[in-house]
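Let me begin by presenting the structure, written as structure tokens, before commenting on it.
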Amino acid sequence: MVYYDIDGHIAGTIGFALDITKRKEAEAVLRESQERFRQLAENIKQVFWIADVDITETLYVSAAYEEIWGRTCASLYASPKSWFDRVHPEDLCLVTNNLAKRGSGAHSFEYRIVGPDGSIRWILDRGFPVFDETGEVYRFAGIAEDITERKRAEEERARLEAENRQLQKAESLGRMAGAIAHLFNNHLAVVIGNLELATTDLSGDAEIRKYMIEAMRAARRSADVSGLMLTYLGQTTDKGEPLDLSDVCRQNLPMLRDGMPEGIVLETGLLSSGPVVRAHPKQMHQVLNHLITNGWESIGHNAGTVTLTTRIVPVSEIPKSYVRPVGWKPAEDLFSCLEVMDTGCGMAEEDLDKIFDPFYTTKFTGRGMGLAVVFGIVKTWGGAIGVESRKNQGSTFRVFLPLVTDKLPRASEKATEAHQVEQGGTVLLVEDQDMVRKVAELMLKRLGYEVLAASDGADAVKLLRENPDLIRFVITDLTMAGMDGWETLTALRKTRPDIPVILVSGYDEGHAMTSNCSERPQLFLQKPYSPSDLRAAIDKALKKPVSTG
């Protein structure tokens, strides 16, 4: 400072010199720390934010905010609450409640935001209080992290786990259904065979004959249920052919409308021609009947509409959720789409994973096999079936089948009349179930054949070796102890390479004929069968030459 003499002139100065090295060093450290913080905050992928104690005013937000939220940092400073505008409407209440409950502690929660382009991002927001020197909270700071990829990975993992559960369930159901069908068909073969043989011995007006016919009808219906289970498994013997899907729909419309209750209207939106798919007419009739019936049953006694449409869709339009079979991988770019939409009661989301299971139904009047059969048929032809439904908002089922380039074949004139096979001779019957063998033996004798019966493959080989020229053909069961049907067939052909063979099983043809055995039978016959079925099978088998490979 300056001091003066008595005349007012400057006499000198007095000053102090302070060592501020430490302060300068501290300021340098602070500047360095601030720069490091700035570099860190501006370059991390997460959003670092600082807000007032009520989190109503944003004091600082890092540059990552602009990329994740899709708006500038300056806009947030100008309107501190504007970040709420991006929060997904369904999560806004969640965010508000979590912020309200934070108190003086930390908070952490997840929510979604909607980008300017409509894309959805998941955010993990973690905040913590900042205290002043008195211990009071005077602001909050935190990090908002984009966890969209992690959430997608979690969803994909959950989807794969759900698919795996569905595959395991389908495999288990498949084994069970196949075993039940085989067992039932063996027993039903005895029941139906004995009933048919008994009714032929009774006069047409005998009262007991009527009872037996009713029992036989019930047994055949039981056999049909067994067949439906096998259809659900996608195991079918029907051969596919090119079909115009829209034309098949038009041909079935009268029948479909006749079966609908009053007050329910069947509307259509069918292409003038096509799409052409490979399927079987009878099975396509089943698909239509089950889907349309499912639609009007869901409407119940109310007035409503079932809509049937056909179109061609790109694979990109096929949804990934609620499409069966699980793990279906479409190999083509375009697919045919058969759509059945109803205005019925709809289904809850938890029911959608079960509706294609056998005997599962959400309707009191349902039988529980219709959609399972549709699923099996669609799976057989390399397609898929999807469903969209909400409670009280109706349902939409879409069947996707591969397109075929084949033109529909012209109707060809059938052969005038096939030559009849001469009946009679000796049959080698191989069956390990006593009751089944006895019924089959009686049927064959009624058809005019002599029968040599064997209870296993080894006995059958012995009988053929003892009577190589006597036996005209062989009927052998597939599933037997010791030598099975394929091993028996191979052994018999070593003795008589030209011997015709009919392979019989309670399993369906798709399951039974999977063997890679070089020897092949002339025909497959599924149990239970009637005398007329047996006669037709023998007639066809004896017309076919014996071939190997």
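What follows draws every value from the coordinates through simple rules; no lab data is involved. As the structure is a prediction and not an experimental result, all values here were calculated from the model. Note that we place each Cβ from the backbone using ideal geometry, even for glycine, and neighbour counts take in every protein chain shown.
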Treating only Lys and Arg (+1) and Asp and Glu (-1) as charged, each at its beta carbon, one finds that segment 426-543 has a dipole about its Cα centre, in Debye to the nearest 20, of 380 debye
Neighbour-count order for D7, D508, D244, fewest beta carbons within 10 angstrom listed first: D7, D244, D508
Under the classification rounded if a/c is under 1.5, otherwise prolate if a/b is larger than b/c and oblate if not, where does segment 426-543 fall, given a ≥ b ≥ c as square roots of the Cα gyration tensor eigenvalues? rounded
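What shape does segment 241-402 take by its C-alpha gyration tensor, where a ≥ b ≥ c are the square roots of the eigenvalues and a/c under 1.5 counts as rounded, a/b above b/c as prolate, and the rest as oblate? Can you show the working numbers first?
Numbers: a/c = 1.62, a/b = 1.18, b/c = 1.37.
Note, shape of segment 241-402 comes out oblate.
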For M513, what residues show an amide H to amide H distance below 5 Å, using hydrogens built from the backbone and excluding near sequence neighbours? none
Let me have the 222 nm mean residue ellipticity of the chain computed from DSSP H runs of 4+ only, each contributing -39500 (n - 2.57), with the sum over all residues rounded to the nearest 500. -13000 deg cm²/dmol
Over the chain, with a single point scatterer placed on each C-alpha, what log10 of the ratio I(q)/I(0) does the Debye formula yield at q = 0.07 1/Å? -0.65
Counted neighbours (other Cβ, 10 Å), sorted fewest up, put L256, L288, L59 in the order L59, L256, L288
What's the exposure ranking of I213, I143, going from fewest to most Cβ atoms within 10 Å? I213, I143
How much length is gained if the chain between L334 and N392 is pulled fully straight, taking 0.36 nm per residue apart and subtracting their Cα-Cα distance, in nm to one decimal? 17.7 nm
Could you give the dipole magnitude of the chain about its Cα centre, charging the beta-carbon of Lys and Arg +1 and that of Asp and Glu -1, in debye to the nearest 20? 1660 debye
Using Cα atoms only, what is the angle between the long axis of helix 531-543 and the major principal axis of the chain, expressed in degrees (0 to 90) to the nearest 10? 90 degrees
Positive-end extreme of charge dipole, segment 426-543 - chosen from Y529, I471, A460 (charges on Cβ): I471
Residues whose built amide H sits under 5 Å from the amide H of V501, excluding neighbours closer than 5 in sequence, are V474, Q522, L523
Step through the table entries K169/K329; K282/K391; K329/K527; K329/K354; K445/K543, compare each Cα-Cα distance with 25 Å, and write down the pairs that go over it. K282/K391; K329/K527
